[in-house]
Amino acid sequence: MKEFDLIVIGAGPGGYETAAEAAASGLSVCLIERGELGGTCLNRGCIPTKALCKSADVALTLREASQFGVNPGDISFDYAVAAARKDEVVNMLRQGVESAVAGCTLIRGEASFVNDSTVEVNGEAFTAPRIIIATGSRPAELSLPGAEYAVSSDAFLSMTELPGRVTIVGGGVIGMEFASILNAFGVEVTVVEYMKEILPPFDKDIAKRLRMALSRRGINIITSAAVKEIRQDHSVVYESKGKTVELSSDMVVMAVGRRAVVPSGIENTSITVGRGGIEVDDLFRTTAPGVYAIGDVNGVMMLAHAASAQGRKVLGHEIDLSVIPSAVFTTPECAMVGLTEEQCKEQSLDYKAVKIPFRGNGKALAMGEADGILKLIVDNTTRQILGCHICGPHAADLIAEPALAMSAKLPVDAINETVHSHPTLTEVIALAAARV
Ligand code: NAD
């Protein structure tokens, strides 16, 4: 039996960053991974998607190049090249992860729990007083007739050629990012979303804004529609407003959420598994002493940066987990932090919300990306920011400033009193802070 100070199961962003940091602090750390280093984020999620988003942005820019005085001639797309570039980006980052975890003992194989403090990998036993489970999640499947004819986000990201028409089931984060990419490459895209609006956790004004922007680009977005069947010929049958509609397409992508991947042998432990994943308390302790669960596997917040932040909390860092920004890498991007206006209303909060359009911003206009809004919501008594919601250029980067103000519990006036450089997109935040 090999003994360590800490065992980490899973080398996604939650697992490998936590393992690397624990090893750097002097602990003996065993990191166990059955697949590629980097987990979903690096191999089948955030990073490959962002590489494809860049290809999509180049395609969109070229399409509109003549208005900038650039005439690129005939534009043609080579998706195989875009896919190969995506793989190169992933490979480079994988090497980075390998060096980041150099201070850990890396065990390749599937960990299975023997008891609360022991796991077995390839027939060998490992024990530690602390074990962190960071085994992530996998794409969820709808149990409906013909579900096997749809592909998951994993399969979508490993394609090297694109079909002509794609139907995406689910207008959540993954569905909208894929729709935005596919449309830029000239694919005919339809998104079928069950709820009244796309991006259910986002502020409704922002989600609507994105829906309108993507609809103008030619993406067919159908909301309040329940998919009932997927046929072998990739047609999709859905019900909406009492009507049954059949939609023909060449490929169906299922993007209806993700499910926790619970390690095997969990039944040999006192760990409790609920509907959303492994149950944890505020410090990410499971019901087994010394065993923690971070990241997608606990279902608290399925975001790479939330997983790493939870890992830092387990290692004893003071870190504010109440303020976690998130972003959707569509064109235009969307980002949010804190409460939506709908949540403020539900909670009967005394708040003020202002909306600032990007079209008044010099940088956004100069970039030709002035389609969007920023909504800032502030508590009328404390003047602290309750939420910020953006649909517009570089929203994913812009959200960091209100997130910092919220985390540091600064009043919104601190933003107003900070000089923002001109001409930048950040002036939209400053203007919102001045107006609210
Ligand atoms: P999601 O929960 O964001 O969206 C799934 C969507 O599918 C929902 O809008 C839901 O209403 C819809 N849906 C469910 N059943 C349906 C049906 N029968 N017919 C039509 N629509 C249906 O899930 P996702 O987009 O698959 O993403 C999974 C997880 O990964 C999320 O937690 C997400 O936050 C995370 N993620 C984050 C990012 C990012 O931060 N940029 C990117 C990708 C994924």
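The values are calculated or read from the model by the stated rules, or taken from the named source; none is laboratory data. In this text, all values refer to a predicted model and were calculated from it rather than measured experimentally. Ideal geometry is used to build each Cβ from the backbone, glycine not excepted, and the neighbour counts take in all protein chains shown. To get the accessible areas, we keep the full protein, side chains included, count just its heavy atoms, and leave off ligands, DNA and RNA. Shrake-Rupley method; radii C 1.70, N 1.55, O 1.52, S 1.80 Å.
Of the residues in segment 403-425, how many are hydroxyl-bearing (Ser, Thr, Tyr) and under 23 Å from the mean Cα position of the chain (by Cα)? Step through it out loud before you land on a result.
Of segment 403-425, the ones hydroxyl-bearing (Ser, Thr, Tyr) are 407, 418, 421, 424.
Applying the additional criterion that residues be under 23 Å from the mean Cα position of the chain (by Cα) yields 407.
Residues in segment 403-425 being hydroxyl-bearing (Ser, Thr, Tyr) and under 23 Å from the mean Cα position of the chain (by Cα): 1 in total.
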The lone exception for Ser76 - which of (1) within 16 Å of the ligand (Cβ to nearest atom); (2) outside any helix (DSSP H, G or I); (3) of a type in the set (Gly, Ala, Ser) it fails: (1)
Ser76 vs. criteria of a type in the set (Ser, Thr, Tyr) and under 30 Å from the mean Cα position of the chain (by Cα): yes
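Return the only residue of Gly311, Gly299, Gly295 being of a type in the set (Gly, Ala, Ser) and open to solvent by 20 Å² or more (accessible area, probe 1.4 Å). Walk me through how you get there before you give the answer.
Details: Gly311 fails: open to solvent by 20 Å² or more (accessible area, probe 1.4 Å); Gly295 fails: open to solvent by 20 Å² or more (accessible area, probe 1.4 Å).
Going through Gly311, Gly299, Gly295 in turn, the sole match is Gly299.
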Count - residues of segment 179-196 that are open to solvent by 20 Å² or more (accessible area, probe 1.4 Å) and within 11 Å of the ligand (Cβ to nearest atom): 3
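Take the residues in segment 79-109 that are in contact with a helix residue (DSSP H, G or I) (Cβ under 7 Å, 6 or more places away or on another chain) and assigned to a loop (DSSP other than H, G, I, E, B), then tell me which one is surrounded by the most Cβ atoms within 10 Å (Cβ to Cβ).
For segment 79-109, the residue satisfying everything is Cys104.
Which residue out of Leu52, Leu27, Leu31 is open to solvent by less than 20 Å² (accessible area, probe 1.4 Å), more than 13 Å from the chain's Cα centre (by Cα), away from the ligand (no atom under 13 Å from the Cβ) and modelled with pLDDT of 95 or more?
Details: Leu52 fails: away from the ligand (no atom under 13 Å from the Cβ); Leu27 fails: open to solvent by less than 20 Å² (accessible area, probe 1.4 Å).
From the options Leu52, Leu27, Leu31, the qualifying one is Leu31.
When the residues of segment 133-148 are narrowed to those that are in a loop (DSSP other than H, G, I, E, B) and surrounded by fewer than 21 Cβ atoms within 10 Å (Cβ to Cβ), which ends up nearest to the ligand (Cβ to nearest atom)? Step through it out loud before you land on a result.
So in segment 133-148, the residues in a loop (DSSP other than H, G, I, E, B) come out as 134-136, 140-146.
Add one more test, that the residue is surrounded by fewer than 21 Cβ atoms within 10 Å (Cβ to Cβ), and what stays is 140-146.
Values: Ala140: 7, Glu141: 10, Leu142: 5, Ser143: 10, Leu144: 7, Pro145: 12, Gly146: 12 Å.
Out of the qualifying residues, it is Leu142.
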Filter result for the condition that a residue is in a loop (DSSP other than H, G, I, E, B), surrounded by fewer than 22 Cβ atoms within 10 Å (Cβ to Cβ) and either within 9 Å of the ligand (Cβ to nearest atom) or in contact (Cβ under 8 Å) with a residue 24 or more places away in the chain (or both), over Leu162, Leu199: Leu162
Subset of segment 358-372 (residues that are of a type in the set (A, V, I, L, M) and surrounded by fewer than 22 Cβ atoms within 10 Å (Cβ to Cβ)): Leu365, Ala366, Met367, Ala370
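Can you tell me which residue is nearest to the ligand (Cβ to nearest atom) among those in segment 119-132 that are touching a residue at least 24 places away in the same chain (Cβ under 8 Å) and open to solvent by 20 Å² or more (accessible area, probe 1.4 Å)? Steps first, please.
Pass one, segment 119-132, residues touching a residue at least 24 places away in the same chain (Cβ under 8 Å): 119-121, 124-132.
Next, only the ones that are open to solvent by 20 Å² or more (accessible area, probe 1.4 Å) stay: 120, 124-125, 127, 129-130.
Numbers: Glu120: 30, Glu124: 33, Ala125: 34, Thr127: 33, Pro129: 32, Arg130: 27 Å.
So the residue we want is Arg130.
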Residue in segment 241-258 that is farthest from the ligand (Cβ to nearest atom), counting only those that are modelled with pLDDT of 95 or more and surrounded by fewer than 17 Cβ atoms within 10 Å (Cβ to Cβ): Asp250
Only one of Leu339, Leu349 that is hydrophobic (A, V, I, L, M, F, W, C) and farther than 16 Å from Phe202 by Cα: Leu349
First in segment 213-229 and closer than 18 Å to Gly164 by Cα and within 14 Å of the ligand (Cβ to nearest atom), second anywhere and open to solvent by 50 Å² or more (accessible area, probe 1.4 Å) and not polar (S, T, N, Q), Cβ under 6 Å, 6 or more apart: Ile221/Arg211
So Gly218, is it modelled with pLDDT under 95, small (Gly, Ala, Ser) and open to solvent by 40 Å² or more (accessible area, probe 1.4 Å): no
